[in-house]
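Values in this text are rule-based calculations from the coordinates and carry no lab data. The structure displayed is predicted, hence computed values, not measured ones. When we count neighbours, we look across all protein chains shown, and the Cβ atoms used for this are built from the backbone with ideal geometry, even at glycine.
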């Protein structure tokens, strides 16, 4: 637990930052100069206010004094202030010295030039006379008007305090003012009575780096008022040249546009950890099991046009889906026995991040989401939805958004079944150099067994162009329907599950723009297929951001976890395959997730591709292992969310067979995943940086956005900065005295 003093210091720091970065360094613009304040004399020497003393204790600048006058040089006058010396190290004022002098006189426009270079002795009386720092070109005398023959502290103190607070940033090794000094190695002290009182001017010394304009004050352009926003260690530099030390408040400077003072995250566990005693979710059936009945793909509704089947909750007849009320869709043309529909739903260019939930009309809304969307993007997902008794579904939305829904199939007591296989890559256009050309069709042999009428596949698109587009899947030899299956953004990788009829054993894909395509098959549809689809009330099985699911913390790169499916409470027997919504949130790098049957090797396929930080979800259909568990592999560090929406069960209740095992363990995961060619293949250039911290970006409660801090915002952390501050205060209390006149 932090001490009371540490907490008070952090609170103080937050207050100062909230007031606009107390230790700002303003540019030397004429309208930003300091004006003459009320005249003020304070008895005794210059004394720093507590806030300055605290910051002074954090500064360390090595003090490098000039050499002795002899034997290499000599002076012709006994007057220490006479420029009568000659020495090989005497040098005119360096560039940093002249620049800082000009800056100070412009910012504090009541000050006057007092001199820079003078090849003379140090005015302090020592046994071995040394050159003055003025003699080596690293000192400034800044004149301050007297008040009643004494130091005007109202004018001189602000300059001295500001120099000390920013000593490391500027490169200040010593400040002398009003019978006191601050030394970059020893801190604050009082001048001896035999030293010059310095009541009419500040003596300011620069370090070698400061004099050479090598410190951040000069390299960032702060001395001219023209700065590039950036981090200099823990110090933040803003575009207006205001500056602050994030480290003083226990924070770090995080690069960005603009940079921010942020709290370093707590140490993260090496990988996701199993949660002992995590509650077992209940798998409540969401309707009767069904067999597949393909239809010619049709558009169910498009909110951008009139859609008679769509009834909006607010009573309107056109426009986007509304956040007020529940929207419903009626499937009037389906046979009475239909119990589930297979849809592809796209959310289009919303103004805010949000999500859609699709479920049987009249039933309670699930605590999960069906589709997550981001501003300015088109996001699509395959969604199997159980129907109500009157063939309706409900749609609710967090924010107003345009949406499109296309239907490929429905499920009922009669029809075809699926035969689930181990995930298999059947096509990668990058290896054959056969991308889908713009506004063209590409035929893909999905290696379907004899008698197959359809395919269940994960299709990924790699768009390296600057234009968005979409892909439509349909049976080869038939007319292309006016629907879409996958919507992609510029310079992105986008994947979605496709269930489609086949034409002569082939799947056709048509693309608006030229894209590379990867096809991973998870099952085939045929009249003799042994698996029927059992809808499950959408249920959250895993959220690694939480403490009460099967795993907590982000998955490590190349980590594999197991999620129970068959042993869920209420799950029917004979589960061979699971339909789950996979979501990746807060990824460190571009990557992918692979769902596969536990007991086998990580396949050469992927189930979801994701960019850094953004929350991305996709439906995945994958076999489970002989133990009834679904395994998930993460190629890079990310939080993972798993929502189950249905299962494919064997009509005879048989156990799934054992998945294959690759004996060469060195090859596990070392396969041509769809994100491996280049990082740019994975980069989503339109990612919203706020999505990084949206803890609820993919759950049914909707996203919770963290506000992006400005450059003057900081939050306390566990950094133990107070001991350093206390050390400085102790030295201050000792009142170290030394002759510091230069």
**Q.** Additional length obtainable on full extension of the chain from residue 77 to residue 402, 0.36 nm per residue less Cα span
**A.** 108.3 nm
Q: Could you tell me which of rounded, prolate or oblate describes the stretch 269-387, using a ≥ b ≥ c as the square roots of the eigenvalues of the alpha-carbon gyration tensor, with rounded for a/c under 1.5 and, failing that, prolate when a/b is larger than b/c and oblate otherwise?
A: oblate
Q. What ranking do 208, 650 get, fewest neighbouring Cβ atoms within 10 angstrom at the top?
A. 208, 650
Q | Ellipsoid semi-axes in whole angstrom, largest first, where each is sqrt(5λ) of the Cα gyration tensor of the stretch 417-528 | A | 23, 14, 12
**Q.** Sorted by Cβ neighbour density within 10 Å, fewest at the top, the residues 542, 40
**A.** 40, 542
Q: Multiply the residue gap between residue 224 and residue 431 by 0.36 nm, knock off their C-alpha separation, and tell me the result in nm, one decimal place.
A: 69.1 nm
Q: Rounded to the nearest Å, what's the spacing between the alpha carbon centres of the stretch 485-563 and the stretch 202-280? Just the number, please.
A: 41 Å
Q: Between residue 389 and residue 254, take the C-beta separation as r, use R0 = 45 Å, and let me know the FRET efficiency to the nearest 0.05.
A: 0.25
Q: Please work out the Cα center distance from the stretch 629-664 to the stretch 308-383, rounded to the nearest Å.
A: 28 Å
Q: Answer rounded, prolate or oblate for the stretch 49-142, using the Cα gyration tensor with square roots of eigenvalues a ≥ b ≥ c: rounded when a/c is under 1.5, else prolate when a/b is larger than b/c, else oblate.
A: prolate
Q.
Apply the a/c threshold of 1.5 to the C-alpha gyration tensor of the stretch 323-425 and tell me whether it is rounded, prolate or oblate.
A. oblate
Q | Linear extension gain, residue 351 paired with residue 63, 0.36 nm per residue minus alpha-carbon span | A | 98.0 nm
Q. With each label point set 7 Å from Cα along the Cα-Cβ vector, what nm distance links residue 324 and residue 113?
A. 7.0 nm
Q) Per 5 Å bin, what is the whole-percent P(r) computed from every C-alpha pair distance within the stretch 535-630? A) 3, 12, 22, 27, 21, 11, 4, 1
Q | Protection proxy ranking, peptides 488-497, 153-162, average beta carbon neighbours within 10 Å, highest first | A | 488-497, 153-162
Q | Fewest-first ranking of 144, 651, using other Cβ atoms within 10 Å as the exposure measure | A | 651, 144
